[in-house]
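To keep things clear, I will list the structure first and then write my remarks on it.
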Amino acid sequence: MSTERRLIDHHCHGVARDPLARAEFESFLTESDRPPPPGCTAFDSLLGIAVRDVCGPVLDLPAGVEADEYVARRAELGGEGANRRLLADAGLEALLVDTGLAGDALLDLDELARLSAATAREVVRLESFAEEVAAGGVGAAEFEAVFAERLRRRAAGAVGVKSIIAYRHGLDFDPRRPSSAEVMSAADRWLAGGGGRLDDEVLLRHVLWEGLETGLPLQLHTGFGDPDLSLARSDPAVLTEFLRACADTGSSVLLLHCYPYHRHAAYLANVFPHVYLDVGLTIPHVGRRAAAVLAEALELAPFHKLLYSSDAYGLAELYLLAAVLFGEALGEVLEGLRISRPDSERIAAMIGSENARRVYALG
């Protein structure tokens, strides 16, 4: 079931190291932070169906196996055994991993690389990194300089930076870079309250602009996600003034996920040379409707502006599902558009790996 072409997954996360009980497993099949109603299951979704259909045979089970049998077989293989099969079969060349959700329960970069037989590189989550800096002890007057210096050091070993300002505030933020006085005043408020979760709009803008200063590509969550965000305020079109403001910084901006606003993101990628998009996270969730979403993204997005990602988190299945469904969907879309075979192969290589290799300077 291996994919034909090795992919660069430009946005993904760690997966659970140990076997999961069924309720834990199901929690990763939905963006909800709550269990389904009594008597219902997260397996009853396009994502849940795809897990049983696509991943079952990789674990020596029939396609469409019952959910209980699937979870039991996964536990029988053990965390490493199941993860190795699923990750290796995804056909990955490289994983660019957002480490902001790292924890002892998740595979780290070295473990992901070993089990997937791919390279794994870090993407620094700006808000989490700012919280680390604050937790280490820093005063309001020195926060700006200390954060900048430590971020530059951390960025030296990374391939990109990422912001979740969509979750912490919304994308309708003031696009201006805040002044040093504004940063110090905001840092004073934040640190006086004990630091912790960074949700001050001024500081969120500050770390965003500092991320651009690294010269690395900047990833921005847009579109749907867990209930911590307001979907209406996560429309990438709201970023238009910010994208104008950062157009000459030399950094690329990558709009992640985008659904259901993927057509808006495609427009932005069309008109701004430094803007790119993906439909990661979306592909596994919509299952075999992936071709419809991908076709809509490609209505306006130039082929050199769309990247592949899975946004896999928690379950190795999501790495495999995204790769398989993406491959099927892209083939279907390109055939439906009556694009010649040589051009189709070239476009598939661009979206699957070459665009990421160029944008992230992977060599």
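Rounding to the nearest 20 debye, state how big the charge dipole of the chain is about its Cα centre with +1 on each Lys and Arg Cβ and -1 on each Asp and Glu Cβ. Please report the intermediate quantities before stating the final value.
Working: 35 positive and 54 negative charges, 170 e Å.
Computed about the Cα centre, the dipole is about 820 debye.
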- Message: Once you order the gyration tensor axes a ≥ b ≥ c over the Cα atoms, which shape class does region 217-350 get: rounded for a/c under 1.5, otherwise prolate or oblate by comparing a/b with b/c?
- Response: oblate
- Query: So what is the diffusion coefficient of region 89-212 in µm² per second by Stokes-Einstein at 25 °C and 0.890 mPa s, using a Kirkwood Rh over Cα pairs?
  - Reply: 158 µm²/s
- Divide, for region 139-251, the radius of gyration over alpha carbons by 2.2 N^0.38 Å, where N is the residue count. 1.05
- Task: Once you have a ≥ b ≥ c as the square roots of the Cα gyration tensor eigenvalues for region 123-179, tell me rounded if a/c is under 1.5, and otherwise prolate or oblate according to whether a/b is larger than b/c.
- Result: oblate
- Looking only at 27, 234, 163, which one moves most when the chain is put into a Gaussian network model with springs between Cα atoms under 10 Å? 27
- So for region 217-296, using the alpha carbon gyration tensor with a ≥ b ≥ c as root eigenvalues (a/c under 1.5 gives rounded; past that, a/b versus b/c decides prolate or oblate), I'd call it prolate
- Item | Accessible surface, region 149-200, averaged per residue in Å² (probe 1.4 Å) | 47 Å²
- Task: Give the carbon-plus-sulfur fraction of the accessible surface of the chain in %, rounded to a whole number; probe 1.4 Å, heavy atoms of protein chains only.
- Result: 51 percent
- Which of these values of Cα extents along the principal axes in Å was calculated from the structure shown: [x] 62, 46, 39; [y] 61, 54, 29; [z] 82, 49, 46? [x]
- Item | Estimated [θ] at 222 nm from DSSP helical runs (n ≥ 4, -39500 (n - 2.57)) normalised by residues in the chain, nearest 500 | -13000 deg cm²/dmol
- Please give the net charge around residue 194, taking every other residue with its beta carbon less than 14 angstrom from that of residue 194, where Lys and Arg add +1 and Asp and Glu add -1. -2
- Note on the structure: The alpha-carbon pair-distance distribution computed for region 31-92, with 10 angstrom bins and whole-percent values, is 20, 47, 29, 3
- Who wins for biggest fluctuation among 197, 85, 338 in a Gaussian network model of the chain, springs between alpha carbons below 10 Å? 338
- Item | Rounded accessible area per residue of region 223-343, 1.4 Å, Å² | 38 Å²
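The values are calculated or read from the model by the stated rules, or taken from the named source; none is laboratory data. Here the structure is a predicted model, which is why all the values come from computation and not from measurement. For neighbour counting, all protein chains shown are included, and Cβ atoms are generated from backbone atoms with ideal geometry for every residue, glycine included. When the accessible area is computed, the model is the full protein with side chains, heavy atoms only, and any ligands, DNA or RNA have been set aside. Shrake-Rupley method; radii C 1.70, N 1.55, O 1.52, S 1.80 Å.
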